[in-house]
Amino acid sequence: MLGAIEAGGTKFVCAVGDETGRVIERIQIPTTLPAETMTKVIAFFKKYKIDAIGIGSFGPIDVNTDSDTYGYITSTPKPGWKDYPFVQEIKNALSVPVGFNTDVNAAALGEATFGAAKGLDSCLYITVGTGIGAGAVVQGRLLQGLSHPEMGHILVRRHPEDHYKGKCPYHSDCLEGLAAGPSIEERWGAKGIKLVGRDEVWEMEGYYIAQALMQYILILSPKKIILGGGVMNQKQVFSYIQKYLQEFLNDYVALPELSDYIVSPGLGDNAGIIGSLLLAKNALEEQE
Ligand code: ADP
Ligand code: ZN
């Protein structure tokens, strides 16, 4: 049996399942201080005979296995979690191989294996929620360099009517600072879910996401683009993305039918947890 942890800023989802992506049991634990949250996480897994655990974590995290701080959550503003040795804590408590990657990389892996990009050797998974992040499968592997990509923080051209300062604590008006859920809320004075009928909100959202997708397409040429996260529940954003992407790319690269190319997660909300089961599977195989 495999274990999976989808570690988010508001909640941890823990599950046990198998390498076919089947989830046998799952729980949710609020993200408070590490001592409290992790005690519950470890108690959950102790009930089962687990062969390996996969973690898809909020970040930034250290995924470089040669690094002294491999397995750490590095620079989060979340109290208690900065420089937290996540993998080491799990290994000490449960003595099993641990796979460790970002939440969006886990989701990309899940979608490439069982979801909307099944059968493809490349895809991009993007979440537009409290933050914006993306994970990429390239030539059948998760893309990694010095560290994991941080595609949510790219610079974008401003919408001519957008005078909002931006919300990213590092860059103000990067993509995340202009287009993640909290920036929508601050700019328009209401939560996204309350802005359903306001077309200008979703047009602007589509304008920013389309720019990001253009850049990702030009650099990575993914075979499928999957857009998840709370904000993408506003399905009207997809048509604005298509409209602006068409306009910006101006037929420079040939793409499949956009409604088939840019899609919602095939695994729904389970992409991250199923991907984390696959991280566990990979960790087990690497050890054997
Ligand atoms: P997280 O990023 O914390 O994992 P979500 O992906 O649910 O969680 O993203 C939360 C953000 O998405 C919040 O800013 C919230 O306002 C926004 N959001 C959630 N549901 C909707 C919706 N139906 N329409 C628009 N925005 C939404
Ligand atoms: Zn930023």
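The values are calculated or read from the model by the stated rules, or taken from the named source; none is laboratory data. Here the structure is a predicted model, which means the values were calculated and not measured. Reconstructed Cβ throughout: ideal geometry from the backbone, glycine too, with neighbour counts over all protein chains shown. The area values use the complete protein model at the heavy-atom level, side chains included, leaving out ligands, DNA and RNA. Shrake-Rupley method; radii C 1.70, N 1.55, O 1.52, S 1.80 Å.
Restricting attention to segment 151-161, the residues being open to solvent by less than 90 Å² (accessible area, probe 1.4 Å), part of a loop (DSSP other than H, G, I, E, B) and either closer than 24 Å to Phe100 by Cα or within 16 Å of ligand 2 (Cβ to nearest atom) (or both) number 3. Kindly check whether there is at least one residue in segment 136-150 that is near ligand 2 (Cβ under 9 Å from one of its atoms), among the small types (Gly, Ala, Ser) and not in a strand (DSSP E or B). Within segment 136-150, none of the residues are near ligand 2 (Cβ under 9 Å from one of its atoms), among the small types (Gly, Ala, Ser) and not in a strand (DSSP E or B). Please work out if Ile27 is open to solvent by 50 Å² or more (accessible area, probe 1.4 Å), touching a helix residue (DSSP H, G or I) at 6+ places or on another chain (Cβ under 7 Å) and without any contact (Cβ under 8 Å) to a residue 60 or more places away in the chain. So Ile27 fits the description; yes.
Within segment 168-199, the residues that satisfy the criterion of being within 18 Å of Gly9 (Cβ to Cβ) and either more than 9 Å from ligand 2 (Cβ to nearest atom) or exposed (fewer than 13 other Cβ atoms within 10 Å of the Cβ) (or both) are Pro169, Tyr170, Ala179, Ala180, Gly181, Pro182, Ser183, Ile184, Glu185, Glu186, Lys191, Gly192. If you go through segment 170-188 and keep only what is away from ligand 1 (no atom under 13 Å from the Cβ), modelled with pLDDT of 95 or more and more than 18 Å from the chain's Cα centre (by Cα), you end up with His171, Ser172, Asp173. Remark: pairs (first residue in segment 249-261, outside any loop (DSSP other than H, G, I, E, B); second residue at pLDDT below 95 and of a type in the set (Val, Ile, Thr); Cβ separation under 7 Å; 6+ apart in sequence or on different chains) are absent. Any residue that is within 16 Å of ligand 2 (Cβ to nearest atom) and either closer than 30 Å to Gly145 by Cβ or open to solvent by 30 Å² or more (accessible area, probe 1.4 Å) (or both) - is there at least one of those in segment 248-266? No, because not a single residue in segment 248-266 is within 16 Å of ligand 2 (Cβ to nearest atom) and either closer than 30 Å to Gly145 by Cβ or open to solvent by 30 Å² or more (accessible area, probe 1.4 Å) (or both).
Can you go through Val16, Val41, Val63 and tell me which one is assigned to a loop (DSSP other than H, G, I, E, B), more than 16 Å from ligand 1 (Cβ to nearest atom), of a type outside the set (Phe, Trp, Tyr) and surrounded by 19 or more Cβ atoms within 10 Å (Cβ to Cβ)? Break it down into steps so the answer makes sense when it comes.
Working: Val16 fails: assigned to a loop (DSSP other than H, G, I, E, B); Val41 fails: assigned to a loop (DSSP other than H, G, I, E, B).
So the residue among Val16, Val41, Val63 that is assigned to a loop (DSSP other than H, G, I, E, B), more than 16 Å from ligand 1 (Cβ to nearest atom), of a type outside the set (Phe, Trp, Tyr) and surrounded by 19 or more Cβ atoms within 10 Å (Cβ to Cβ) is Val63.
When Gln236 is tested against (1) open to solvent by less than 50 Å² (accessible area, probe 1.4 Å); (2) within 14 Å of ligand 1 (Cβ to nearest atom); (3) polar (S, T, N, Q), only condition (1) is not met. Of Leu227, Leu124, all but one fail to be part of a strand (DSSP E or B), more than 16 Å from ligand 1 (Cβ to nearest atom) and under 14 Å from Ile262 (Cα atoms); the exception is Leu124.
When segment 157-169 is limited to residues that are among the charged types (D, E, K, R) and without any contact (Cβ under 8 Å) to a residue 40 or more places away in the chain, the one that is nearest to ligand 1 (Cβ to nearest atom) turns out to be Lys167. The residues in segment 78-112 that are over 18 Å from the mean Cα position of the chain (by Cα) and not aromatic (Phe, Trp, Tyr) can be counted, and the count is 17.
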